[in-house]
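The values are calculated or read from the model by the stated rules, or taken from the named source; none is laboratory data. Since the model is a prediction, treat every value here as computed from it, not as a measurement. Here the Cβ positions follow ideal geometry from the backbone for every residue, glycine too, while neighbour counts run over all protein chains shown.
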Amino acid sequence: MLVVKLEVWPGGDQSRAYKVGEAYIVNDMTGTPEKGNYDVSLSHSGKHVQREGIWRRGKVMRHLRKLSPYHLVWKALKEALYD
């Protein structure tokens, strides 16, 4: 599983950081050694958030595993937010 955490650092001060969201990218184990399939869920969190739990969901299919993990994160966000 990949977990992408979004934080705000007020004034660039890490000691005052607070989380505003997370993306969870989970291998669904149905792919091949070359291409993977992933379930995606996005959540909001932090001191200014009214929502709890999963906000958006998506599915990445046939992702080429040899690519950078940033490609998978981009596809996961795209699928959960726009498709």
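Based on this model, can you work out whether residue 7 counts as loosely packed, with under 10 Cβ neighbours inside 10 Å, touching a strand residue (DSSP E or B) at 6+ places or on another chain (Cβ under 9 Å) and among the acidic types (Asp, Glu)?
So residue 7 fails the test.
Anything in segment 57-83 that is without any contact (Cβ under 8 Å) to a residue 60 or more places away in the chain and β-branched (Val, Ile, Thr)? List them, or say none.
The one that is without any contact (Cβ under 8 Å) to a residue 60 or more places away in the chain and β-branched (Val, Ile, Thr): 60.
If you take the residues in segment 50-76 that are at pLDDT below 95 and either touching a Ser or Thr at 6+ places or on another chain (Cβ under 9 Å) or in a helix (DSSP H, G or I) (or both), which one is surrounded by the fewest Cβ atoms within 10 Å (Cβ to Cβ)?
Kept after step one, since they are at pLDDT below 95, are these residues of segment 50-76: 50-56.
Narrowing the set further to residues that are either touching a Ser or Thr at 6+ places or on another chain (Cβ under 9 Å) or in a helix (DSSP H, G or I) (or both) leaves 51-56.
On the way: 51: 10, 52: 9, 53: 7, 54: 13, 55: 16, 56: 15.
Within segment 50-76, the match that is surrounded by the fewest Cβ atoms within 10 Å (Cβ to Cβ) is 53.
Quick check on this structure: which one of 43, 15 is out of contact with any helix residue (DSSP H, G or I) (no Cβ under 8 Å at 6 or more places or on another chain) and either surrounded by fewer than 16 Cβ atoms within 10 Å (Cβ to Cβ) or not in a strand (DSSP E or B) (or both)?
Unique residue meeting the criteria: 15.
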